[in-house]
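Undergrad: Have a look at this one before I ask anything.
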Amino acid sequence: MTRVVEVPAQLDDRSFDQFARAFADPSGRRLLFDAHATQWASPYGLVGLLAAGQAATERGPERPLLTIPGDRDVAHYWGRAGFFEHAAEWFEIHGKVPRVKPAHSSDVLLEITPVRGTDDVHSVVEAIQARSAAILSGELGLEATATMGFAMALSEACQNIVEHAGTSGWVAVQAYHWRRRLGRRVVVIAVADAGVGFRHSLEATQASRYGDRWSDATALEAALFQGASRFRDPGRGQGLGGIARYVNRWSGKLSVRSGTARIAIVPAWDDDNPLTDGLPAFPGSQVLMIIPAQQPE
Amino acid sequence: MRIDLKTILQRTVSSLYGDLVTRPTGQAVRGGIEQVLEALDGEQIAVIDFGTVGCLDISCADEVVGKLLLQHGQARYFLLHGVAASHCEAIEHVLERHRLAVVARDREGRVRVLGPMDETARLAFTLLSDRGPADADELASRLSLPPEAVQQALEALRGQRLVQRSADGYMALSA
């Protein structure tokens with residue numbers, strides 16, 4: 001028996017909790033991820049879908065099934081974004097996978113890229129500097145020095161996987177025009193893994209301080225606002241704070257989801273909650289960073 | 001003594017890398033710096049050259065600057081050379097965490113102290129750096145501050161090994 005997990009028509013950070021709810025049922029049956037009717041998936045949605053595939057593969061005897069989007073353009077976009085290259089490892093794919101090679105373009109600044117170790121972080125940082133400078137300074141109106149800060153934030157987000165997830169993960173970077181949501185161009189970094197999550201990672205060093213209050217939400221608060229780390233080294237735990245500082249400086253958004261909670265640095269242009277608890281459980285951690293085009297003063 | 005970070009990065013980690021990112025990379029580079037320091041007299045200024053470094057992330061800055069200062073800053077003089085604005089962001093973040101300060105020269109040749117610091121000490125350092133060696137009375141007169149407060153700030157700067165004693169009083173670190 002299989003259980004169908006419907007992939008939302010618009011798979012992005014806003015519909016992710018709906019997707020997580022469909023995924024969360026621990027019935028033990030083989031899962032079928034049905035993306036046939038999916039019309040759009042953001043980088044956050046795509047790396048989250050890969051994390052779901054990995055988690056389902058690791059908890060069951062068989063890889064889950066995945067039906068690819070019926071819309072040819074949507075499937076081609078998933079191919080260009082590098083999704084199918086990695087999906088074959090975690091899904092039994094049904095449907096005709098388009099023969100397109102992952103390639104960066106003016107929009108796909110970094111195709112979906114696995115992050116397994118520090119070498120991958122070096123490669124990602126090198127690639128993004130070369131590809132994003134023109135977009136960040138030319139189209140988004142950020143100072144030229146912001147490119148390095150962007151690479152720094154990306155590096156820290158990726159290292160979060162290497163240092164804390166206990167498994168590999170994925171990163172993707174894309175620029176696009178948010179006509180309806182913001183009316184401006186944005187650059188989006190999406191990072192996801194199916195690892196142990198913040199609560200488990202920090203438990204040994206932080207849980208006793210919180211007692212009964214220890215949860216996914218308090219773990220995220222401790223990590224983002226207090227620089228908590230699973231290491232006792234006082235220099236550890238600065239990465240997320242550094243990302244938050246960068247995002248704040250450029251009126252961007254940072255959102256970190258782990259387990260049943262999500263914490264966010266929310267800019268004036270967004271209506272997300274700073275902290276949301278009681279969400280449908282989802283494995284690992286998912287980080288979203290959005291830098292919008294700067295508005296002339 | 002100038003210590004070129006990119007050379008150390010490529011010798012200790014990979015000849016292909018130009019960015020100081022990830023904590024293991026920072027640990028390896030710090031190890032390379034410490035090897036060079038062994039041959040250096042404690043009174044010599046170790047000039048850490050960032051001039052050819054691309055991206056510097058916070059984890060690497062914590063190893064290459066934060067931990068380096070924590071472990072050797074009491075006994076050695078350090079000057080960061082050729083730092084870019086983006087490097088300063090990562091370095092400042094780390095220095096705030098550890099409550100440390102270091103002298104840095106940017107790519108335009110401007111010298112300043114990075115890290116948290118008392119305002120009187122910062123003003124005194126800037127004057128020493130801009131106008132050359134001076135004693136506490138001279139600086140106090142220029143800053144319109146009590147000489148005792150300036151003397152105290154200068155001694156604090158000396159304790160942090162950001163200034164040295166000179167025949168004329170105190171001088172800012174320079175290379």
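Undergrad: So which aspartates and glutamates can A:K96 reach, going by Cα to Cα under 16 Å and dropping same-chain residues fewer than 8 places off?
TA: Straight-distance partners of A:K96: A:D34, A:D71, A:D73, A:E85.
Undergrad: Which lysines, on any chain, are close to B:K67 with Cα under 24 Å apart, when same-chain ones fewer than 8 places away are left out?
TA: Cross-link targets: B:K6.
Undergrad: What does the charge count near B:P147 come to, summing +1 for each Lys or Arg and -1 for each Asp or Glu among other residues with Cβ under 10 Å from its Cβ?
TA: -4
Undergrad: If you average the C-alpha positions of the range A:218-296 and of the range A:179-193 separately, how far apart do those two centres end up, in angstrom?
TA: 15
Undergrad: While we're here: Could you grab the Rg to Rh ratio for chain B? Cα atoms only, Kirkwood for Rh.
TA: When Rh is taken as the Kirkwood radius, the ratio is 0.99.
Undergrad: Where nothing but the Cβ of Lys and Arg (+1) and of Asp and Glu (-1) is charged, how large is the charge dipole of chain A around its Cα centre, in debye to the nearest 20?
TA: The dipole magnitude comes to about 180 debye.
Undergrad: To the nearest 20 debye, what charge dipole does the range B:27-153 have about its Cα centre, counting +1 at the Cβ of each Lys and Arg and -1 at the Cβ of each Asp and Glu?
TA: Dipole of the range B:27-153, to the nearest 20 debye: 160 debye.
Undergrad: Taking the number of other C-beta atoms within 10 Å as the exposure measure, put B:M117, A:M1, A:M152 in order starting with the fewest.
TA: Least crowded to most crowded, the residues run A:M1, B:M117, A:M152.
Undergrad: If you build a Gaussian network model of chain B, linking Cα atoms that sit under 10 Å apart, which residue out of B:D57, B:D118, B:D135 swings the most?
TA: B:D118
Undergrad: Simple spin-label model, 7 Å along Cα-to-Cβ: B:L70 to B:E34 in nm?
TA: The modelled label-to-label distance comes out at 1.2 nm.
Undergrad: Out of all DSSP beta bridges in the protein assembly as shown, what portion is antiparallel? Express it as a percent rounded to 5.
TA: Just about 65 percent of them are antiparallel.
Undergrad: Using a basic spin-label model with each label point 7 Å from the Cα along Cα→Cβ, how many nm lie between B:R122 and A:A37?
TA: 5.9
Undergrad: When a/c is below 1.5 the answer is rounded, else prolate if a/b is larger than b/c, else oblate, so apply that to the range B:63-102 with a ≥ b ≥ c taken from the square roots of the Cα gyration tensor eigenvalues.
TA: oblate
Undergrad: Cα extents of the range A:235-276 along the three principal axes, largest first, in whole Å?
TA: Largest first, the range A:235-276 extends 33, 28, 9 Å along its Cα principal axes.
Undergrad: Please check: in the Gaussian network model of chain A (C-alpha springs, under 10 Å), which one of A:W250, A:W40, A:W214 has the largest mean-square fluctuation.
TA: Looking only at A:W250, A:W40, A:W214, the biggest GNM fluctuation is shown by A:W214.
Undergrad: Assuming a ≥ b ≥ c are the square roots of the Cα gyration tensor eigenvalues, decide whether the range B:85-153 counts as rounded (a/c under 1.5), prolate (otherwise, with a/b larger than b/c) or oblate.
TA: oblate
Undergrad: With +1 assigned to the C-beta of every Lys and Arg and -1 to the C-beta of every Asp and Glu, and no other charges, what is the dipole magnitude of the range B:114-175 about the Cα centre in debye, to the nearest 20?
TA: 240
Undergrad: Which loop GluC sites (Glu not before Pro) in the range B:78-161, with loop taken from DSSP, have no more than 10 other Cβ atoms within 10 angstrom of their Cβ?
TA: B:E108
Undergrad: Separate question: Among B:G66, B:Y77, A:V196, whose Cα sits farthest toward the positive end of the charge dipole of the protein assembly as shown (+1 at Cβ of Lys/Arg, -1 at Cβ of Asp/Glu, about the Cα centre)?
TA: A:V196
Undergrad: What does the average come to when, for each residue of peptide B:16-28, you count the partner chain Cβ atoms lying within 10 Å of its Cβ?
TA: 6
Undergrad: Which residue fluctuates most in the GNM of chain A (Cα springs below 10 Å): A:D13, A:D119, A:D277?
TA: Fluctuation is largest for A:D119.
Undergrad: In the range A:27-62, which trypsin sites (Lys or Arg not before Pro) are in a loop and have at most 14 other Cβ atoms within 10 Å, using DSSP for the loop call?
TA: A:R29
Undergrad: Per residue of A:159-172, how many C-beta atoms from partner chains lie within 10 Å of its own C-beta, taken as a mean?
TA: 1
Undergrad: OK, next. As an exercise, identify the trypsin sites (Lys or Arg not before Pro) in the range A:114-188 lying in DSSP coil whose Cβ has no more than 16 other Cβ atoms within 10 Å.
TA: Sites meeting the loop and neighbour criteria: A:R116, A:R179, A:R180, A:R181.
Undergrad: Could you tell me which of rounded, prolate or oblate describes the range A:199-239, using a ≥ b ≥ c as the square roots of the eigenvalues of the alpha-carbon gyration tensor, with rounded for a/c under 1.5 and, failing that, prolate when a/b is larger than b/c and oblate otherwise?
TA: Prolate is the answer for the range A:199-239, as a/c is 1.5 or above and a/b outweighs b/c.
Undergrad: State, to one decimal in nm², a quarter of the convex hull surface area for the C-alpha atoms of the protein assembly as shown, i.e. the direction-averaged projected area.
TA: 24.9
Undergrad: Once label points are set 7 Å from the Cα along Cα→Cβ at both A:S137 and A:M1, what is their separation, rounded to one decimal in nm?
TA: 6.0
Undergrad: Just report the Cα centroid separation between the range B:1-71 and the range A:18-95, whole Å.
TA: When both Cα centres are located, 42 Å separates them.
Since every read-out is calculated from the coordinates, none of them should be taken as a lab result. As the structure is a computational prediction, the values presented were derived from the model and not from experiment. Counting neighbours? That spans all protein chains shown, and the Cβs are built from the backbone with ideal geometry, glycine included.
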